[in-house]
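Note sheet for the following structure.
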Amino acid sequence: MASAPEARTSHDAESSSGEQSSDENDRIDEGFEDIRQDEVLLALEQEYLALSSILPLHRAKALASSPDALCGSATNGGEAFRAGGGTDAMYGEMGFWAMASILRAVELHGGLPPTPGDFVDLGSGSGLAVAAAGLLRPHAWARLRGVENSAPLHAASLGVAEAYAARGPRAAAPELELEEGDAAQVSLEGATLVLAHCTAFSDALLHAIALQAAAMRPGTWVVTLTRPLPVAAASGWDSIEARRRTVSWGAATVFLHRRRLPDAGPPMCTRVAECTAAEAAVDDGEPSYRSQVWFNCRSCGLIGSDGICAICASICHAKCEGLEFAAHSLFFATARAVEAAHPRANAESKVAPLDTAQKWHSEVSRFL
């Protein structure tokens with residue numbers, strides 16, 4: 001009973017013929033090949049590379065793992081592990097083209113709010129992602145902010161900020177504001193796009209960021225790397241996209257979350273929404289798959305190609321310890337998956353799990 005068609009691992013995608021995989025989760029940087037041919041972006045890349053030469057990746061990694069890397073106010077274990085040099089891969093950077101693709105994806109999904117707000121990078125490292133945001137969208141931001149826990153890395157990043165400012169006034173773009181501090185304590189009020197390169201963040205830090213993000217306005221964005229925003233849907237965030245992008249160490253999943261718009265209506269699991277809208281869930285005897293973000297839940301036995309949509313993951317499975325991101329690919333929640341996703345609904349009625357699941361979602365939505 002597969003919820004994802006022809007579910008395969010990434011190894012299955014590597015065929016001897018060299019043909020591109022039909023599984024969209026196996027494809028990297030899909031849809032953004034054209035931006036690498038854009039002459040304006042190529043010129044901006046040269047400015048970015050000039051800034052990156054001030055604080056190269058290898059030097060930033062060394063600073064991040066130095067004994068003095070952790071500032072006194074820091075309290076989270078993931079940052080401490082990184083600062084202690086637990087692994088070389090704990091420090092990484094987005095890179096120019098990853099930032100370009102993220103901002104393009106945001107545009108394709110409705111764009112930033114019309115009024116300029118703050119770009120905030122939590123765990124800004126060298127400050128280059130903040131600089132890239134300023135280069136790529138100079139009119140979009142009221143402020144360009146970066147917060148880094150590592151004292152020596154923050155000190156070195158100030159050289160990048162100085163070089164960015166030395167470029168002179170460019171389309172009234174704001175200067176880089178790079179500060180040393182704890183990402184868990186940063187106010188996100190006024191931010192329109194928050195970037196959290198959270199591969200090495202502890203669960204406590206990621207949850208603290210989610211709490212701070214509650215102050216953000218409808219239509220704003222939180223972008224996370226490797227891990228999604230915790231209980232996104234239940235906190236008023238819609239999981240818009242989860243695509244693999246090329247960053248400094250290779251391919252990583254980039255999650256795009258948008259603060260739910262007032263007229264968007266209550267969140268509802270994709271299968272329930274399809275059924276209640278009288279849309280055909282089965283076409284010629286086959287499930288009607290749609291491209292979406294979906295999850296596994298080991299706690300409920302939903303593994304492999306059996307899974308749940310993002311709404312169910314963050315509302316009905318919010319307390320499940322075995323909840324894991326599966327993919328952004330073609331997916332259809334089977335009846336078994338919906339029943340497992342709505343334990344309260346199933347306890348109330350064993351006859352019509354979809355109807356009771358809809359009622360359960362309506363009840364939950366009153367508290368969002």
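Please treat every number below as a calculation from the coordinates, not as lab data. Please read all numbers here as calculations on a predicted model, not as lab measurements. Glycine gets a Cβ as well: all are built from the backbone with ideal geometry, and neighbour counts include every protein chain shown.
In table form, for the structure just shown:
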{"item": "The range 199-226 and the range 32-64: distance between their alpha carbon centers, rounded to Å", "result": "25 Å"}
{"item": "Residue-count net charge about Ala129 - beta-carbon cut-off 9 Å; Lys, Arg +1, Asp, Glu -1", "result": "-2"}
{"item": "Order by protection proxy (mean Cβ within 10 Å, highest first), peptides 132-140, 105-113", "result": "132-140, 105-113"}
{"item": "Value of Rg/Rh across the range 172-270 [Cα atoms, Kirkwood radius]", "result": "0.97"}
{"item": "Mean Cβ count within 10 Å, highest first, over the residues of peptides 229-240, 39-50, 179-190", "result": "229-240, 179-190, 39-50"}
